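Before any comments, here is the structure.
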Amino acid sequence: MTFTVEQKSQLAKLMATENLRIEHQKISTARFDPKNRVLYCPIWQNMTGALYDLLMGHEVGHALYTPPEGWHDAVSQRGANYKGFLNVVEDARIEKKVKRKYPGLRSSFLKGYEYLINNNFFQIKGRNLNEMSFIDRLNIHTKLNGILPIDFNEEELGLLKQVEACETWDDVIRVTQSVFDYSKNEQFEMQEMLQSMAAASGIANDDFDGEYGDGDGDELDGDAEQSVGEKGKPSGDGDEGQTKKQSRDEDGEDDDGEYDGQLERFKDSQVSSKDQFEPECSTDKAFRQNEDKLLDEKCKPYLYLKFPKPILENIVTPYKDVHKFLSNYYDDPELTVRNKNIDKAVNDFKTKNDRYIGLLAKEFEMKKAAKAFAKAKVSNTGDIDISRLYRYQVDDNIFRKTMRVPKGKSHGLVLLLDRSGSMSQNMAGSIEQIMVLSAFCRKVNIPFVVYGFGNSIEGRMMDYGRDEYNKKCFTENLNEFAFDNVYLREYLSSKMSGVEYNKAIRNLVALKMSYEQRYFGRPMNEDLSNTPLNEAMVALEPIVNQFRKVNNLDLVNLVIVHDGDADNSSRYNVENVISPEKTIISSKSFSLTESNVYITHDRKQFKVKESRHDYYSYDDGLRVGIFDWFTKQTDSKIFGFFIAGDRYRMREGVTQRYVNDKGESVYAIVKKQYGANCPRYINFSKSDFVKDLVTELRDNKFLQSHNEGYESFFIIPGGSDLNIENDELVINGAVTAGKLKSAFMKMNKKKQFSRVMVSRFIDGIAS
């Protein structure tokens, strides 16, 4: 059975009973950051479920119960050999406690250790367990919960009981010292005995083979190899007196070479004084050396990246400043003709939309009421209805009833308008749609704010001067996304007074006209730039949370109006060593196809999926990951309005962006239609399927899609098709009741379709 990293992480979090952050890295052993509560785990290759549960359960046990100085990678002042003893005793304590906390892990621990022992991770294959040192017998005994028949003398049994009784880290320190002292005497005495035997028999130390020599000689017999079978029973693989030499003759090798070269280490450890002698836990040392066998060397590297902190004072241009700049440009008293044209356009806008906005507001309230009454509950009050009392013998329904209508959620609107260069053909229609949407929100008392986003430093400098050039919009710390600058221009807000709002509408009407009339003009700080959508979302997160708090909202709806791809944001900050004396922070690119990327924020993790290149022409995985993070951080819904353009661009826009309710792209749908006869090369934009979608888009002024990350996603036409029409009642021939009704319904339908953003927004929030 295989496991995903997400499953591994979730299991560890559940076992740790806290919002522990799990990070997988290419490291040989796990480590824990107690300050930040981060468990760093190796990237293990596919393994049995039991083995995985063992390894993760073991590390979670450390995270729960082991102090920093007790971890495997912690440095002990007593040296590496002493640390091995500390590992054995501490492992016994934390595994006892984690199995006590989660009894279901007992079986997994046993089966997992059976696997490790049978695959010689502890290097005990071919060795008689009862001839091993006490610390090694203790290690195997506690790991396998005593299922193997391992002998202990009376003093060793006392120490074993002390190990099994450890409950605190102080207990571990105290007991480890006792075990270490005993092992020091035991192993030193064994060394002296082996040296005496060698001297008496005339055998050189180089020829000596034994438990504490760990050499390749074959003079001393060892007992049969013991392994753990499927049911945890010991089984012998050879005769009782089989030597290592015999084993080599039969297998062609020396038990995987586990004893090769160990004689030299034995010789080097020979000391004349017991005070200088350092005992060793060979099984713990062997496991540390063999841990690498569990690692997945072929896996993609894991990147855990944080968002930089937005510096909002360098990002946001408040609406008071935005409209001061616009008014300075459009309120020139000498340009009387232009001023009259602007005033006329404002009146036309109000005439065209005011009455219909009022109707939309009533429709919205009716939809909300209908939804509320659909969820209403009728219940008995407990008070007797006197008018029904006469029926008490045949009907128990004699109590007064009450209807409880649930209160609807309070909504708010935040709108992001793409101010990229490609929007120039669509900006006039977008501005008008946004003005209608804001007027609707004012009518029904929905708090709102409208931002335009881009990354033009020239516009920012026109606003606030040349000093803006070197100001950063985001922090630049290690392992943060290396974001480019982004600028938010606040055009409309429910915080505006009536005078401020009317002035803002006049400025926006003038700005709209600048995109319709080539020589009308607009201020340079309104020039278009690029599409830093990802950066804008990160900058918006604290703004939206504050917006929701100030307005006491249950839900914030984020509406994004754009016509293209988010700028490439696939870079992060790393250390760049210039010289021994100088280190700077620079950026490094990453690829979602070559790395596993996780967004980390407030102990939460968000997996960045690989992009679906079958329908997106760009790397969209990061955008989806950021949207997932944003919705959870702000408790919001995201509505997307993608402007497909007109004519040929409309077909391409539909081809690249449309996704059906099954998550299938145009590419997948058209290929499925061809079946086995699918040609190698297909012009998807000219397929019958896309032609039908474009027809629907032209007729209805919108096409609903199901793109990842969005609550709802609408593809809408661009250019002149985006403009709001001033529809009138048209009746050809004699006026009849039927013709009047048909013409009226047709007119209202056209009005609804042409005001596509507010219509779709109402449908989205009314429910």
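Give me a comma-separated list of calculated 3J(HN,Hα) values for segment 695-704, in order, Karplus coefficients 6.51, -1.76, 1.60 applied at θ = phi - 60°, integers in Hz, x for any Gly or Pro.
4, 4, 5, 5, 6, 9, 6, 7, 9, 7
Taking the simple approach of a point 7 Å from Cα along Cα-to-Cβ for both ARG466 and LEU312, what is their distance in nm?
Roughly 3.1 nm, to one decimal.
Based on Cβ point charges of +1 for Lys and Arg and -1 for Asp and Glu, what charge dipole magnitude is obtained for segment 572-731 about its Cα centre, in debye rounded to the nearest 20?
540
I'd like the trypsin sites (Lys or Arg not before Pro) in segment 593-673 restricted to DSSP loop residues with at most 15 other Cβ atoms within 10 Å, sorted by number. List each step's numbers first, then the result.
Numbers: sites: ARG603, LYS604, LYS607, LYS609, ARG612, ARG623, LYS632, LYS637, ARG647, ARG649, ARG651, ARG657, LYS662, LYS671, LYS672; in loops: ARG603, LYS609, ARG612, ARG647, LYS662.
The qualifying sites are ARG603, LYS609, ARG647, LYS662.
Spelling out what I want: for every residue of segment 327-340, take phi, set θ = phi - 60°, compute 6.51 cos²θ - 1.76 cosθ + 1.60 (Karplus), and round to whole Hz; glycine and proline get x.
Ordered by residue, 3J(HN,Hα) equals 5, 4, 8, 8, 9, 5, x, 7, 9, 5, 5, 4, 4, 5 Hz.
Which of the trypsin sites (Lys or Arg not before Pro) across segment 88-132 are loop residues per DSSP, with 13 or fewer other Cβ within 10 Å? Present the calculation step by step, with values, prior to reporting the outcome.
Details: sites: ARG93, LYS96, LYS97, LYS99, ARG100, LYS101, ARG106, LYS111, LYS125, ARG127; in loops: LYS125, ARG127.
Listed in order of number, the matching sites amount to none.
List the chymotrypsin sites (Phe, Trp or Tyr not before Pro) within segment 479-568 that DSSP assigns to loop and that have no more than 16 neighbouring Cβ atoms inside 10 Å.
Details: sites: PHE481, PHE483, TYR487, TYR491, TYR501, TYR515, TYR519, PHE520, PHE547; in loops: PHE483, TYR519, PHE520.
Hits after loop and neighbour filter: TYR519, PHE520.
Just subtract the alpha-carbon distance of MET524 and MET197 from 0.36 nm times their residue separation and send over the number in nm, one decimal.
Residue separation times 0.36 nm, minus the Cα-Cα distance, leaves 108.1 nm.
Shape of segment 591-716 from its Cα gyration tensor (a ≥ b ≥ c, root eigenvalues): rounded if a/c is under 1.5, otherwise prolate when a/b > b/c, or oblate?
Numbers: a/c = 2.65, a/b = 1.53, b/c = 1.73.
Note, shape of segment 591-716 comes out oblate.
Go through segment 162-177 residue by residue and turn each phi into a ³J(HN,Hα) via Karplus (6.51, -1.76, 1.60, θ = phi - 60°); whole Hz please, and just put x for glycine and proline.
Whole-Hz 3J(HN,Hα) from phi for segment 162-177: 5, 4, 5, 8, 4, 10, 10, 5, 4, 4, 4, 4, 5, 6, 4, 4.
Within a Cβ distance under 10 Å of ASP33, other residues only, what is the Lys/Arg minus Asp/Glu net charge?
Values: positive: ARG21, ARG31, LYS35, ARG37; negative: GLU23.
Every neighbour counted, the sum reads +3.
In the structure displayed, which of LYS320/LYS632; LYS607/LYS671; LYS306/LYS588; LYS300/LYS632 lie more than 20 Å apart, Cα to Cα? Don't skip to the end; give the middle numbers.
Numbers: LYS320/LYS632 31 Å; LYS607/LYS671 29 Å; LYS306/LYS588 14 Å; LYS300/LYS632 27 Å.
Where the Cα-Cα span goes over 20 Å, the pairs concerned are LYS320/LYS632; LYS607/LYS671; LYS300/LYS632.
Cβ under 11 Å from THR631's Cβ, THR631 left aside: what net charge do those residues give with Lys, Arg +1 and Asp, Glu -1?
Working: positive: LYS632, LYS637; negative: GLU541, ASP628, ASP635, GLU711.
Charge balance near THR631 sits at -2.
FYI, it's all coordinate maths here, none of it is from the lab. Remember, it's a predicted structure, so these values are computed and weren't measured experimentally. With ideal geometry, Cβ positions are generated from the backbone for all residues, glycine too; neighbour counts draw on all protein chains shown.
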